[in-house]
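The values are calculated or read from the model by the stated rules, or taken from the named source; none is laboratory data. This is a predicted model, so every value here is computed, not measured. Positions of Cβ are generated from backbone atoms using ideal geometry, with glycine treated the same way; all protein chains shown enter the neighbour counts.
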Amino acid sequence: MKLATSLIGAFVALAQVVTSEAVVGKADGFAYGVISGGNASPDYPADIEELKSMLTDATPRVIVLKKTYDFTQSEGTIVGNVCLSWGDAHSCQQIIQDDCGETPSMTAKWWKAPTQPIDVASHKTILGVGNKGVIRGKGLRFRGGASNIIVQNIQVSDLNNKYVWGGDAIGFDGADLIWIDHVTTHNPGRQHYVFGFNPSTRVTLSNNYINGNSTYSTSCDNYHYWNFEMVGTDDQITMKNNYMYRTAGRAPALSGGTLLHAVNNVWSDNGGHLLEGGDSKARGIFEGNVFTDINSMVADYAGRLFGTPAGSESKCKSALGRSCQTNSYKQSSGSLDSYTDTSFFGDFSGLHIASAGSAAQAASSVPQNAGAGIINVGA
Ligand SMILES: *[C@@H]1O[C@H](CO)[C@@H](O)[C@H](O)[C@H]1NC(C)=O
């Protein structure tokens, strides 16, 4: 009888521990309203095979990660040609490419698993416990109509980082209602975040840590070039409270027909350029952001942009229903103050707009609160 009672007690305690793992907070911005796996009882994938099947099956799930899932060596290696486009110093990235033209090339070997991401199915929540939820050697992608997905508090890292085309960390291509929150990405081969041509709508990227301090880079100096590639034909992306550290380009590449709202993000230590984008259909509002130690704010940018120069804050009312916050620039070459285009402000109609604090508030809170291992999703 005593034994039975204590066993029941143990089961009750276990059940309480299990059900305490839950998404922290709610998506602000375009992905507002996402519920993903909802109240499904948590699943704890035993290994990489089970993680993959839980991420891709048709069942709504809350998938809890409390250890490292290392896919790196799981699919063997590929041998092929690489171009030494930035030289042959140890810290230089090389490009996986058959024909290098006049550029010196060599044969190299890389892991196969990171080159092919997992296509996550609809209605999934992926949650990391503490700082333990880590996926190495495999990216996550949302495509082909995948919708209603939350990824919170995990790290995705180490995707053939010596090789351009070695692997992207987080990808979108024709997805809807996706919230990526408190995710750390580090050492991808190519993009930290990549958006394909098919429109991805109602996406919020918040509180993420884009750690561009990479072992190999295009400038051979540990500054990662491939950060945000936004080329979707009609994407809707909110970036809020993200921390971009040691980038060198495409931070973001705001292109295609993307509609971007970048609010209260912090960019720190950029060794190349920050904004670029070659398509005139891209559109963005930048407000309340902090730019610190940026080598060059804008490379080529062909789209429309509102950079919230001081005095123009109230113009945002027609787009956001409130005034914008001005951006802050410290030790930065250039600013976004010359961008004052408001002709696209009607395009925000019908979207949920993220709230904004001041750039000063972002400067003091974002760097230490971004990325995995900061919030407590449960024991
Ligand atoms: C970059 O990463 C390397 C390797 O982990 C580390 O030794 C170095 O301190 C980092 N540098 C900066 C500036 O963060």
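Candidates in the range 121-160 are the residues that are among the basic types (Lys, Arg) and either touching a helix residue (DSSP H, G or I) at 6+ places or on another chain (Cβ under 9 Å) or assigned to a strand (DSSP E or B) (or both); of these, the one that is surrounded by the fewest Cβ atoms within 10 Å (Cβ to Cβ) is Arg143.
Give the residue, chosen from Asp234, Asp293, Asp269, that is in a loop (DSSP other than H, G, I, E, B) and acidic (Asp, Glu).
Just a single option satisfies the conditions, and that option is Asp234.
For the range 236-245, the set of residues classified as within 16 Å of the ligand (Cβ to nearest atom) and either aliphatic (A, V, I, L, M) or out of contact with any strand residue (DSSP E or B) (no Cβ under 8 Å at 6 or more places or on another chain) (or both) consists of Met244 only.
Of all positions in the range 161-182, none carries a residue that is assigned to a strand (DSSP E or B), within 16 Å of the ligand (Cβ to nearest atom), touching a Gly at 6+ places or on another chain (Cβ under 6 Å) and closer than 19 Å to Arg246 by Cβ. Going through the range 183-203 one residue at a time, which ones are out of contact with any Ser or Thr (no Cβ under 6 Å at 6 or more places or on another chain) and not in a strand (DSSP E or B)? Selection gives Val183, Gly189, Arg190, Gln191, Gly196, Asn198, Ser200.
Within the range 19-70, the set of residues being part of a loop (DSSP other than H, G, I, E, B), more than 16 Å from Ile149 (Cα to Cα) and of a type in the set (D, E, K, R) comprises Glu21, Asp47, Lys66, Lys67.
Residue-by-condition table, conditions (1) crowded, with 24+ Cβ neighbours inside 10 Å; (2) more than 16 Å from the ligand (Cβ to nearest atom); (3) at pLDDT below 95:
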site	(1), (2), (3)
Arg190	yes, yes, no
Pro199	no, yes, no
Ile210	yes, no, no
Tyr225	no, no, no
Asp234	no, yes, no
Thr247	yes, no, no
Ala253	yes, yes, no
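As for the range 220-227, it holds at least one residue that is touching a residue at least 40 places away in the same chain (Cβ under 8 Å) and over 20 Å from the mean Cα position of the chain (by Cα).
For Arg246, the criteria (1) touching a residue at least 40 places away in the same chain (Cβ under 8 Å); (2) farther than 26 Å from Arg143 by Cβ hold in every case but one, which is (1). When you look at Gln97, is it over 23 Å from the mean Cα position of the chain (by Cα) and either polar (S, T, N, Q) or at pLDDT below 95 (or both), yes or no? Considered against the rule, which asks whether it is over 23 Å from the mean Cα position of the chain (by Cα) and either polar (S, T, N, Q) or at pLDDT below 95 (or both), Gln97 comes out as yes. Do you know which of the residues in the range 212-221 that are part of a loop (DSSP other than H, G, I, E, B) and at negative phi is farthest from the ligand (Cβ to nearest atom)? Among those residues, the one meeting the criterion is Thr218. For beta carbons closer than 7 Å, sequence separation of 6+ or different chains, a first residue in the range 351-379 that is in contact (Cβ under 8 Å) with a residue 60 or more places away in the chain and a second that is of a type in the set (D, E, K, R), the qualifying pairs are Ala354/Asp28; Ala354/Lys240; Ser355/Asp28; Ala356/Glu287; Val377/Glu21; Gly378/Glu21.
This table checks each residue for (1) within 16 Å of the ligand (Cβ to nearest atom); (2) modelled with pLDDT of 95 or more; (3) closer than 20 Å to Ser358 by Cβ.
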residue	(1), (2), (3)
His261	no, yes, yes
Gly272	yes, yes, no
Ser280	no, yes, no
Gly284	no, yes, yes
Thr292	yes, yes, yes
Asn295	yes, yes, no
Val298	no, yes, no
Arg304	no, yes, no
Ala310	no, yes, yes
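Scanning the range 320-341 for residues that are polar (S, T, N, Q) and within 20 Å of Met297 (Cβ to Cβ) yields Gln325, Thr326, Asn327, Ser328, Gln331, Ser332, Ser333, Ser335, Ser338, Thr340.
Scoring Ser365 on the criteria (1) of a type in the set (S, T, N, Q); (2) farther than 23 Å from Ala299 by Cβ; (3) assigned to a loop (DSSP other than H, G, I, E, B); (4) at pLDDT 95 or above leaves a single failure, condition (3).
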